[in-house]
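Single-structure report; data block below.
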Amino acid sequence: MAVLKVKFTKTNRDKLAQVLWILNWVSVVTGVILFSLGLFLKVEINKRWELMAERDLHYVPNMLIATGLIACGINFLGGKICYDCADTTKFLRWKLLMLPYVICTFFFTFCILVGALMCYGMRGELEEALDLGLRDAMRYYKDTDTPGRCFLKRTVDLLQIQFQCCGNFGFRDWFQIQWISNRYLDMSRREVVARLRSNVEGKYLMDGVPFSCCNINSPRPCIQHQITNSSAHFNYEYQTEELNLWRKGCRQALLEYYTHIMQSIGFTVLIIWLFELSVLTGVRYLQTSLENVLRQGDPDSESDGWLLENSFVETARSNFNIIKSLGKCNQIDTANNGDPNINVPSTAYYGPDNLPSKQIPMAS
Amino acid sequence: MVLMKMKFPFEKRVKLAQGLWLLSWMATLAGAFTFTLGCFLKTELRRRAEVMDNTEIHAVPNTLMIVGLASLGINYFAGRMCQDALDAGRFPRWKTFMQPYWGVSLLFTLLMLMAVIMSYAMKGNLESSLKIGLKNGIRFYKDTDTPGRCFQKQTIDRLQMEFRCCGNTDFKDWFEVQWISNRYLDFSSKEVKDRVKSNVDGRYLFDGVPFSCCNPSSPRPCIQDRLTNNSAHYSYEHQTEELNIYIRGCREALVNYYMGLMNTIGAGVLSVFLLQSSVLVSLRYLQTTMEALAGQENTEIETEGYLLEKGVKETIMEYVTPVLVFLQLNQVGSEDTEA
């Protein structure tokens with residue numbers, strides 16, 4: 001009882017082979033697309049490596065790149081096979097290879113699905129990496145004289161300008177860190193010393209933000225310092241002021257940006273997976289129908305094609321037995337005391353009544 | 001006295017027709033490319049139209065677009081003509097078409113050359129347009145409540161951040177303009193009243209710049225106000241400080257950007273012009289060789305091709321004389337009526 005049996009005439013088989021040849025070449029193109037999507041994601045993650053903490057995020061783009069390259073190879077081979085399948089004589093060349101090819105491609109399409117799901121699953125790790133990375137970047141904002149951190153200020157400023165965000169969760173994050181280096185603080189002034197003494201760690205904290213937090217849509221010139229002090233500025237109310245600074249946090253802005261990219265990539269990879277699966281189904285049908293044709297002997301006759309010869313459960317059981325017996329080939333059969341040469345009477349089928357043939361009288 | 005005569009045996013004619021067909025398709029693509037370059041340049045100019053005073057510079061992309069479209073038509077017909085040139089019976093039907101065709105194609109090829117020259121020559125025009133536009137933009141920076149000007153602040157801020165520049169000629173332009181609106185000035189404060197009284201026009205002027213002038217590459221947090229006062233900030237010397245704010249003026253930045261764009265486009269269009277000229281020259285040779293075949297029985301004989309039947313001067317006189325006669329006739333006519 002075969003799974004999804006379909007009858008194929010000779011013309012059907014030829015058409016199927018031709019269509020699959022074209023589809024395999026289209027799949028090579030989709031493999032290239034997969035590769036370039038992985039490369040794009042890798043470049044995007046690398047662009048902001050300074051703002052991400054040490055997390056293993058590169059496994060997703062690496063997986064996509066590898067899958068893309070393998071897809072190109074597999075579908076190129078598949079194209080060649082399908083091209084030859086239009087002719088029954090050429091099919092004999094590939095006969096032995098086709099079943100392993102179908103099995104490999106099946107596991108490979110599973111890898112594509114895993115790649116697509118990983119794109120969606122990466123979000124949690126990315127969020128964590130961004131959270132820690134941005135926190136550290138803001139802490140080291142002032143260290144423009146420390147090697148390895150001297151461009152962090154520029155990176156954070158350009159990030160806040162480009163993504164229209166301020167701070168990690170909001171602009172108040174800047175109130176809790178010292179973002180002005182001690183090199184530019186006049187320690188002889190009383191006000192500066194008072195601020196430094198006002199907290200346990202001796203940090204110069206103030207309710208001000210860097211210039212990159214300024215909102216360009218504000219109708220008034222940017223208020224960067226004494227933000228919480230409504231009386232320090234004319235006609236200014238801190239609680240109701242919305243347009244002065246960017247209100248979004250950079251973690252949320254970056255996360256939205258990357259989530260958008262990864263969702264688009266994941267969706268595209270899912271479509272590619274469905275396409276590969278359909279091509280694989282076509283190749284399986286082609287393989288089984290051509291094998292049945294060879295079994296029947298007449299190359300122009302109709303044949304059946306199927307996905308599995310027996311039902312799913314039986315196929316699984318027989319494969320399981322094959323695997324089990326593979327493991328047993330080293331073990332000795334203990335039924336005949338270990339001697340394989342003992343003549344065990346066979347239950348051969350002699351004739352219609354299953355009677356053994358008359359004994360030939362021995363010549364005396 | 002024929003100009004640049006060349007002999008054309010049959011094989012050479014066939015090769016000329018085939019080569020010209022290929023060349024005309026390449027020139028068609030080049031014409032489409034010119035059109036897209038014109039569209040791109042126009043889009044880029046329109047993006048910053050708010051800081052430009054006039055649209056005279058738009059003549060360059062407009063010319064490029066017109067020339068691009070025209071060359072599509074010119075080269076399409078050139079291709080059709082050389083397809084028919086291989087058959088001596090079908091070529092004569094193009095005879096009446098040739099005169100206007102030459103007129104139109106020479107005109108548009110010259111226009112292409114003009115576009116290239118303009119893209120280099122209009123730098124002064126662009127600069128003066130930007131000077132006035134930026135001056136107005138900086139003057140109206142504070143008028144975020146005036147309809148028609150409320151987005152000037154946003155435009156100027158975005159421009160300064162994108163092009164990494166400050167002010168018109170340089171950052172000192174901000175010192176001469178009141179860029180903080182009166183709505184946000186506390187007129188009860190003594191400092192504000194002093195400043196407003198200190199100049200004739202009653203404007204609030206001070207040595208500060210907007211935040212968009214700040215340079216993110218600066219190692220220290222941005223110093224926006226009291227820029228010329230060294231003692232107002234710790235460890236600061238305004239004469240030697242280079243990284244704090246952008247030193248370059250926006251006019252210079254924009255002119256450099258657009259001239260770079262137009263120079264590249266000009267170089268590309270020049271090569272398209274050379275391609276188009278070679279197409280026209282080859283087509284002229286093809287036309288004259290095929291016309292020499294007219295009326296001949298054997299279409300495989302050798303014929304001569306030339307660029308101009310008479311010399312350059314004579315050909316020009318041939319075209320100009322009717323016009324002069326027309327003008328003189330008018331003059332004679334007016335003399336008659338006076339007499």
Scan the range B:78-95 and tell me whether some residue there is touching a residue at least 24 places away in the same chain (Cβ under 8 Å), closer than 30 Å to B:M118 by Cβ and part of a helix (DSSP H, G or I).
yes
Condition check for B:I132: surrounded by 14 or more Cβ atoms within 10 Å (Cβ to Cβ), free of Cβ contacts under 8 Å to residues at least 60 places away in the same chain, assigned to a helix (DSSP H, G or I) and away from every other protein chain (no Cβ under 11 Å)
no
Test B:R251 against the stated conditions and say whether it is of a type in the set (K, R), surrounded by 15 or more Cβ atoms within 10 Å (Cβ to Cβ) and without any contact (Cβ under 8 Å) to a residue 60 or more places away in the chain.
no
Would you tally the residues in the range B:157-173 being facing another protein chain (nearest Cβ under 10 Å) and open to solvent by 50 Å² or more (accessible area, probe 1.4 Å)?
2
Sort out for me the helices (runs of 4 or more DSSP H) sitting completely within the range A:119-205 that have 2 or more residues that are of a type outside the set (K, R) and touching a residue at least 12 places away in the same chain (Cβ under 8 Å).
A:123-139, A:152-163
Do you know which residues across the range A:206-240 are closer than 26 Å to B:T146 by Cα, within 12 Å of chain B (Cβ to nearest Cβ), within 46 Å of the chain's Cα centre (by Cα) and without any contact (Cβ under 8 Å) to a residue 24 or more places away in the chain?
A:I216, A:C222, A:I223, A:Q224
Working only within the range B:174-195, note down all residues that are in a helix (DSSP H, G or I) and either open to solvent by less than 30 Å² (accessible area, probe 1.4 Å) or within 8 Å of chain A (Cβ to nearest Cβ) (or both).
B:W174, B:R183, B:Y184, B:V192
With respect to B:S334, is the statement that it is of a type in the set (S, T, Y) and at pLDDT 80 or above true?
no
Quick check: anything in the range B:92-115 open to solvent by 30 Å² or more (accessible area, probe 1.4 Å), within 14 Å of another protein chain (Cβ to nearest Cβ) and either in contact with a Leu (Cβ under 8 Å, 6 or more places away or on another chain) or at pLDDT 90 or above (or both)?
no
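Given the options A:Q252, A:Q263, name the one that is more than 13 Å from chain B (Cβ to nearest Cβ), in contact with a Cys (Cβ under 9 Å, 6 or more places away or on another chain) and buried (at least 16 other Cβ atoms within 10 Å of the Cβ).
From the options A:Q252, A:Q263, the qualifying one is A:Q252.
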Condition check for A:E302: of a type in the set (D, E), open to solvent by 50 Å² or more (accessible area, probe 1.4 Å) and in contact with a helix residue (DSSP H, G or I) (Cβ under 9 Å, 6 or more places away or on another chain):
yes
Selection status of B:Q154, modelled with pLDDT of 95 or more, in a helix (DSSP H, G or I) and either away from chain A (no Cβ under 14 Å) or closer than 30 Å to B:L227 by Cβ (or both):
no
Sort through A:L134, A:L126 and tell me the only one that's surrounded by 19 or more Cβ atoms within 10 Å (Cβ to Cβ), away from every other protein chain (no Cβ under 14 Å) and in contact with a Lys or Arg (Cβ under 6 Å, 6 or more places away or on another chain).
A:L134
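Here are some residues: A:V269, A:V279. Which one is out of contact with any strand residue (DSSP E or B) (no Cβ under 7 Å at 6 or more places or on another chain), open to solvent by less than 40 Å² (accessible area, probe 1.4 Å), farther than 30 Å from A:L92 by Cβ and of a type in the set (A, V, I, L, M)?
After applying the criteria, what remains is A:V269.
Select from the range A:77-105 the residues that are loosely packed, with under 15 Cβ neighbours inside 10 Å and either assigned to a helix (DSSP H, G or I) or touching a residue at least 24 places away in the same chain (Cβ under 8 Å) (or both) and list them in ascending order.
Residues satisfying the conditions are A:K80, A:T89, A:K90, A:L92, A:R93, A:K95, A:L96, A:L97, A:L99, A:P100, A:I103, A:C104.
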Please specify each residue of the range A:22-53 satisfying the condition of being buried (at least 21 other Cβ atoms within 10 Å of the Cβ) and hydroxyl-bearing (S, T, Y).
A:S27, A:T30
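Quickly run through the range A:152-167 and pick out the residues that are closer than 15 Å to A:M52 by Cβ and open to solvent by 10 Å² or more (accessible area, probe 1.4 Å).
Result: A:L152, A:T155, A:F163.
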Taking the criterion of being under 16 Å from B:L20 (Cβ atoms) and aliphatic (A, V, I, L, M), would at least one residue in the range B:104-113 satisfy it?
no
When every residue in the range B:51-71 that is in contact (Cβ under 8 Å) with a residue 40 or more places away in the chain and surrounded by fewer than 17 Cβ atoms within 10 Å (Cβ to Cβ) is compared, the one farthest from B:A253 (Cα to Cα) is B:A59
Restrict the check to the range B:141-164 and report whether at least one residue is within 30 Å of A:L159 (Cβ to Cβ), in contact (Cβ under 8 Å) with a residue 40 or more places away in the chain, of a type in the set (S, T, Y) and in contact with an Asp or Glu (Cβ under 8 Å, 6 or more places away or on another chain).
yes
Taking the criterion of being open to solvent by 80 Å² or more (accessible area, probe 1.4 Å), more than 10 Å from chain A (Cβ to nearest Cβ) and part of a loop (DSSP other than H, G, I, E, B), would at least one residue in the range B:135-146 satisfy it?
no
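Conditions (1) outside any helix (DSSP H, G or I); (2) β-branched (V, I, T); (3) in the same structural domain as A:Y120 (by the TED database), marked per residue:
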residue	(1), (2), (3)
A:N24	no, no, yes
A:S27	no, no, yes
A:G31	no, no, yes
A:S36	no, no, yes
A:L41	no, no, yes
A:I45	no, yes, yes
A:A53	yes, no, yes
A:V60	no, yes, yes
Say we look at the range B:204-236 and pick out the residues that are over 30 Å from A:Q162 (Cα atoms) and surrounded by 17 or more Cβ atoms within 10 Å (Cβ to Cβ); which of these is farthest from the other protein chains (Cβ to nearest Cβ)?
B:L205
Go through the residues of the range B:237-254 one by one and say whether even a single one is facing chain A (nearest Cβ under 9 Å) and more than 33 Å from the chain's Cα centre (by Cα).
no
Identify, from the list B:K15, B:K42, the residue that is open to solvent by 70 Å² or more (accessible area, probe 1.4 Å) and not aromatic (F, W, Y).
B:K15
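In contact with a Leu (Cβ under 8 Å, 6 or more places away or on another chain), of a type outside the set (D, E, K, R) and not in a helix (DSSP H, G or I): is that true of B:A30 in this structure?
Against the criterion (in contact with a Leu (Cβ under 8 Å, 6 or more places away or on another chain), of a type outside the set (D, E, K, R) and not in a helix (DSSP H, G or I)), B:A30 does not qualify.
The values are calculated or read from the model by the stated rules, or taken from the named source; none is laboratory data. Predicted, not measured: the structure shown is a model, and the values here were computed from it. Reconstructed Cβ throughout: ideal geometry from the backbone, glycine too, with neighbour counts over all protein chains shown. We work out accessible area using only protein heavy atoms, side chains counted, and drop any ligands, DNA or RNA first. Shrake-Rupley method; radii C 1.70, N 1.55, O 1.52, S 1.80 Å.
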